[in-house]
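Structure, as C-alpha cells:
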Amino acid sequence: ADPFDCTMPWACECGHEIEGNLDHDFENGEWDYDGFGHWKVCADCGVTSEKFDHVEPEDDFDCTTALACECGYVYVPANDAHDFSAMPEHDGEEGANAGHYYYCSRGDCWGEKYEACSFTATVVPETCIEDGYTAYRCTKCHYGYTDHFVPAHGNHTGIVLQYKAPSSDANGAQGIVVKYCTGGNHVLEEIKDVPAGHPFPDVQNPNEWYYDAAVFCKSFDIFKGDENGNMNFASPITRGELVTALGRIIAPDVETKMSAAEFDAYLAAQGSKVTGMASGGTNLSDVSGTFYERYAKLFAKWGIVLGYEDGSFRGGNNITREEMATLLYRFTEAYCGTTNVSFGAPAAGFSDASTISGWAVPYANWAGQVGLFRGDENGNFNPKNNASRAEIAVVCYRMLPVLMNIEII
C-alpha cells in the first residue's frame with residue numbers, strides 16, 4: 001500500500017514489515033498556506049511540516065504593489081492607491097522652473113508624484129526707500145521667489161520727525177526720534193534713542209506741568225542741564241540762554257558742526273528776516289567767547305534781537321514775559337516767513353492786559369492768540385515777571401512740532 005508517512009515501516013498483508021525511508025522529503029515538496037502561515041508537504045508521503053507564520057518582505061516600499069512571502073504566498077495590499085494628501089515638498093529648484101513632490105503617507109511606502117509649481121504673482125510697487133518687485137508663491141507647496149525688481153524712486157513726501165517720549169519710570173522703555181516719511185510709512189533715519197527715565201535730576205515728578213516739556217527739550221538737546229545735570233526749571237532764563245534754546249530748534253548746526261570760518265561765512269551771507277527790522281549782529285560788544293555768541297550774532301543779523309544803545313547784548317540779563325513774547329514773534333516770522341500760525345492751543349486773552357507795556361501789547365496778544373501763552377490760574381499774563389526756564393521749555397514744546405514738523409506719538 002502507498003505509505004502515508006515516510007518514517008513509519010510498511011506492512012505486507014502477510015504481516016511482514018518493510019522499513020521505509022525513515023525521513024521526509026520536504027525539500028522537493030510543495031508549499032501550502034492558508035493566509036496566516038505556511039508549511040511544506042513531503043514529496044514522498046504528503047505529510048506536512050511545522051507551520052510557520054508568513055514573513056513579510058523587508059522592501060515594503062510601495063503600497064500599490066503586491067508582495068510575496070518566501071513561501072510564494074502573495075500579499076495583496078490593503079490599499080491599492082497612494083495617499084498623496086500631505087503637503088508637497090519643494091524640489092529645491094529655484095525660480096519659475098521649480099516643482100514639488102507628493103510623497104505617499106501610507107506606512108513606509110516610497111511612492112511619489114511630481115508636478116510643476118503653480119504660482120500666483122503679487123506686484124509690490126517701489127516706495128521712496130524700498131525697491132519694488134513681483135512676488136511669486138506656489139499655491140501647493142508655498143515655495144516663493146521674487147523678480148522684476150524696480151529701484152526705489154526716492155521721492156519722499158510728508159517727511160516729519162517723529163518723537164516718542166520715553167517712560168517716566170527709570171526702568172521704563174526708551175523713547176525715540178526718527179525721520180519719517182508719511183507718504184510711504186517708512187523710517188528714513190533714526191536720529192537718536194531717548195534714554196528712559198527722568199531727564200534731569202531736579203525734574204522727577206511726571207505730574208508737574210512742565211515735565212513733558214522738560215523731557216521733550218532734553219530729547220532734542222534744547223536744554224542740556226548745568227554741571228550737575230539739573231535743569232533749574234524755576235530759575236529765570238537769561239537773554240543768552242533764550243537765544244541759545246531757540247537757536248538749537250532751528251539751526252543746531254551753527255553750534256555743533258560749523259567751524260569758526262564756516263560760521264563767519266554763513267553769518268556774512270545772512271540778512272534781516274523780520275519786517276521792518278534792520279540786520280546787524282557782527283558788532284555786539286559783549287558776546288565774544290560766550291556760549292551764546294553765535295546765536296546772539298545770528299539772531300541780530302536776522303532782526304530778531306536788537307543790541308542796546310551802547311552796542312551790548314547783555315546776554316546775562318533776565319528776560320521778562322513781555323520781552324519774551326516780542327522775541328518769539330520776531331523769531332516765528334524769521335523762521336516761518338509769517339506770524340499767522342497756530343500752535344495747537346485755544347486762543348487766550350489775559351485778565352491783566354492793561355498792565356502790559358504799550359510796545360509789547362501786540363506781541364503779547366499774538367502769543368495768546370496762537371496758543372503760546374495761556375496765562376496763570378487767574379488768567380493773568382504777568383508781563384513784568386521774569387520768564388522761567390520751565391516756561392521756556394513749555395514754549396519750545398508748543399513751538400517745535402509746528403516749526404520743525406515734528407509728530408509727537
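The values are calculated or read from the model by the stated rules, or taken from the named source; none is laboratory data. Just so it is clear, the structure is predicted and the values come from calculations on it, not from any experiment. Counting neighbours? That spans all protein chains shown, and the Cβs are built from the backbone with ideal geometry, glycine included. Please note that ligands, DNA and RNA were not included when accessible areas were found on the heavy atoms of the full protein model with its side chains. Shrake-Rupley method; radii C 1.70, N 1.55, O 1.52, S 1.80 Å.
Step by step: first the residues of segment 336-358, then only those that are open to solvent by 60 Å² or more (accessible area, probe 1.4 Å) and among the polar types (S, T, N, Q), then the one that is nearest to MET404 (Cα to Cα). Which residue is that?
Checking each candidate, the answer is SER342.
I'd like the full set of residues that are closer than 12 Å to GLU391 by Cβ and either outside any loop (DSSP other than H, G, I, E, B) or open to solvent by 20 Å² or more (accessible area, probe 1.4 Å) (or both), limited to segment 362-374. Break it down stepwise before answering.
Pass one, segment 362-374, residues closer than 12 Å to GLU391 by Cβ: 367, 372-374.
Once the filter is applied, which keeps residues that are closer than 12 Å to GLU391 by Cβ and either outside any loop (DSSP other than H, G, I, E, B) or open to solvent by 20 Å² or more (accessible area, probe 1.4 Å) (or both), segment 362-374 yields ALA367, ARG374.
Being open to solvent by 10 Å² or more (accessible area, probe 1.4 Å), part of a helix (DSSP H, G or I) and acidic (Asp, Glu) narrows it down to one of GLU377, GLU391, so name that one. So that I can check it myself, show each step before the final result.
Details: GLU377 fails: part of a helix (DSSP H, G or I).
Of the residues listed, the single one that is open to solvent by 10 Å² or more (accessible area, probe 1.4 Å), part of a helix (DSSP H, G or I) and acidic (Asp, Glu) is GLU391.
Among (1) open to solvent by 70 Å² or more (accessible area, probe 1.4 Å); (2) of a type in the set (Lys, Arg); (3) in contact (Cβ under 8 Å) with a residue 12 or more places away in the chain, which single condition is LYS224 missing?
Checking LYS224 against (1) open to solvent by 70 Å² or more (accessible area, probe 1.4 Å); (2) of a type in the set (Lys, Arg); (3) in contact (Cβ under 8 Å) with a residue 12 or more places away in the chain, the one that fails is (3).
Quick one: which of GLY183, GLY175, GLY229, GLY197 is of a type outside the set (S, T, N, Q) and touching a helix residue (DSSP H, G or I) at 6+ places or on another chain (Cβ under 8 Å)? Don't jump to the end; show me each part of the working.
On the way: GLY183 fails: touching a helix residue (DSSP H, G or I) at 6+ places or on another chain (Cβ under 8 Å); GLY229 fails: touching a helix residue (DSSP H, G or I) at 6+ places or on another chain (Cβ under 8 Å); GLY197 fails: touching a helix residue (DSSP H, G or I) at 6+ places or on another chain (Cβ under 8 Å).
So the residue among GLY183, GLY175, GLY229, GLY197 that is of a type outside the set (S, T, N, Q) and touching a helix residue (DSSP H, G or I) at 6+ places or on another chain (Cβ under 8 Å) is GLY175.
Looking at segment 394-409, which of its residues are open to solvent by less than 40 Å² (accessible area, probe 1.4 Å) and not in a helix (DSSP H, G or I)?
From segment 394-409, those open to solvent by less than 40 Å² (accessible area, probe 1.4 Å) are 394-396, 399-401, 403, 406; that's our starting set.
Scanning segment 394-409 gives a single hit, ILE406.
Out of all the residues in segment 239-270, which are in contact (Cβ under 8 Å) with a residue 40 or more places away in the chain and among the β-branched types (Val, Ile, Thr)?
Hits for segment 239-270 are VAL243, THR244, ILE249, ILE250, VAL254.
Residues in segment 216-275 that are aromatic (Phe, Trp, Tyr) and part of a loop (DSSP other than H, G, I, E, B): how many?
Residues of segment 216-275 that are aromatic (Phe, Trp, Tyr), as a first pass: 216, 220, 223, 233, 263, 266.
Going one step further and asking which of them are part of a loop (DSSP other than H, G, I, E, B), we end up with 220, 223, 233.
Residues flagged as aromatic (Phe, Trp, Tyr) and part of a loop (DSSP other than H, G, I, E, B) within segment 216-275 amount to 3.
Would you call GLU93 free of Cβ contacts under 8 Å to residues at least 12 places away in the same chain, in a loop (DSSP other than H, G, I, E, B) and surrounded by 13 or more Cβ atoms within 10 Å (Cβ to Cβ)? Steps first, answer last, please.
Values: free of Cβ contacts under 8 Å to residues at least 12 places away in the same chain: yes; in a loop (DSSP other than H, G, I, E, B): yes; surrounded by 13 or more Cβ atoms within 10 Å (Cβ to Cβ): yes.
Judged against the criteria, GLU93 is a match.
Where residues in segment 182-202 are within 30 Å of GLY158 (Cβ to Cβ) and of a type in the set (Gly, Ala, Ser), which of them is most open to solvent (accessible area, probe 1.4 Å)? Reasoning before the result, please.
Applying the first criterion (within 30 Å of GLY158 (Cβ to Cβ)) to segment 182-202 yields 182-196, 199.
Next, only the ones that are of a type in the set (Gly, Ala, Ser) stay: 183-184, 196.
Working: GLY183: 55, GLY184: 26, ALA196: 33 Å².
Among those that are within 30 Å of GLY158 (Cβ to Cβ) and of a type in the set (Gly, Ala, Ser), it is GLY183.
Of the residues in segment 373-398, how many are more than 23 Å from PHE200 (Cβ to Cβ) and touching a residue at least 40 places away in the same chain (Cβ under 8 Å)?
Narrowing segment 373-398 to residues more than 23 Å from PHE200 (Cβ to Cβ): 373-384.
Adding the requirement that they be touching a residue at least 40 places away in the same chain (Cβ under 8 Å) leaves 373, 381-384.
Adding up the residues that qualify gives 5.
Quick check on segment 203-216. Is at least one of its residues within 23 Å of ILE408 (Cβ to Cβ), among the hydroxyl-bearing types (Ser, Thr, Tyr) and surrounded by 15 or more Cβ atoms within 10 Å (Cβ to Cβ)?
Of segment 203-216, the ones within 23 Å of ILE408 (Cβ to Cβ) are 203-216.
Checking which are among the hydroxyl-bearing types (Ser, Thr, Tyr) leaves us with 210-211.
From what's left, surrounded by 15 or more Cβ atoms within 10 Å (Cβ to Cβ): 210-211.
So far as segment 203-216 goes, yes, one or more of its residues are within 23 Å of ILE408 (Cβ to Cβ), among the hydroxyl-bearing types (Ser, Thr, Tyr) and surrounded by 15 or more Cβ atoms within 10 Å (Cβ to Cβ).
For segment 26-59, how many residues meet the condition of being touching a strand residue (DSSP E or B) at 6+ places or on another chain (Cβ under 9 Å), open to solvent by 60 Å² or more (accessible area, probe 1.4 Å) and of a type in the set (D, E, K, R)?
Residues that pass the stated criteria total 8.
Among the residues of segment 302-335, which ones are free of Cβ contacts under 8 Å to residues at least 60 places away in the same chain, open to solvent by less than 60 Å² (accessible area, probe 1.4 Å) and either over 18 Å from ALA364 (Cβ atoms) or polar (S, T, N, Q) (or both)?
TRP302, GLY303, GLY307, GLY311, SER312, THR326
How about segment 128-141: which of its residues are among the charged types (D, E, K, R) and under 24 Å from LEU188 (Cβ atoms)?
Within segment 128-141, GLU130, ASP131 qualify.
Examine segment 164-181 for a residue that is touching a Phe, Trp or Tyr at 6+ places or on another chain (Cβ under 6 Å), within 30 Å of MET404 (Cα to Cα), open to solvent by less than 40 Å² (accessible area, probe 1.4 Å) and assigned to a strand (DSSP E or B), and state whether such a residue exists. Don't jump to the end; show me each part of the working.
As a first pass, look at segment 164-181 and keep what is touching a Phe, Trp or Tyr at 6+ places or on another chain (Cβ under 6 Å): 177.
Filter once more, keeping what is within 30 Å of MET404 (Cα to Cα): 177.
Next, only the ones that are open to solvent by less than 40 Å² (accessible area, probe 1.4 Å) stay: 177.
Applying the additional criterion that residues be assigned to a strand (DSSP E or B) yields 177.
Taking every residue of segment 164-181 in turn, at least one turns out to be touching a Phe, Trp or Tyr at 6+ places or on another chain (Cβ under 6 Å), within 30 Å of MET404 (Cα to Cα), open to solvent by less than 40 Å² (accessible area, probe 1.4 Å) and assigned to a strand (DSSP E or B).
With the condition kept exactly as written, say whether any residue in segment 105-127 is at pLDDT below 95, open to solvent by 60 Å² or more (accessible area, probe 1.4 Å), part of a loop (DSSP other than H, G, I, E, B) and under 30 Å from GLU189 (Cβ atoms).
Checked against the condition, which is being at pLDDT below 95, open to solvent by 60 Å² or more (accessible area, probe 1.4 Å), part of a loop (DSSP other than H, G, I, E, B) and under 30 Å from GLU189 (Cβ atoms), segment 105-127 yields at least one hit.
Within segment 238-258, count every residue that is of a type in the set (Val, Ile, Thr) and farther than 14 Å from ALA296 by Cβ.
Of all residues in segment 238-258, those of a type in the set (Val, Ile, Thr) come to 238, 243-244, 249-250, 254, 256.
Right, trim to farther than 14 Å from ALA296 by Cβ and you get 249-250, 256.
Residues meeting the conditions: 3.
Take the residues of segment 79-90 that are within 9 Å of THR64 (Cα to Cα) and of a type outside the set (Asp, Glu): which is surrounded by the most Cβ atoms within 10 Å (Cβ to Cβ)?
Step one: list which residues in segment 79-90 are within 9 Å of THR64 (Cα to Cα), which gives 79-82.
Retained after the next criterion (residues that are of a type outside the set (Asp, Glu)): 79, 81-82.
Values: ASN79: 12, ALA81: 11, HIS82: 19.
Looking at the filtered set, the residue picked out is HIS82.
Taking segment 322-356, which residues are closer than 25 Å to THR238 by Cβ, in a loop (DSSP other than H, G, I, E, B), of a type outside the set (D, E, K, R) and more than 36 Å from the chain's Cα centre (by Cα)?
If the condition is that a residue be closer than 25 Å to THR238 by Cβ, in a loop (DSSP other than H, G, I, E, B), of a type outside the set (D, E, K, R) and more than 36 Å from the chain's Cα centre (by Cα), then THR339, PHE350, ILE356 are the ones that fit.
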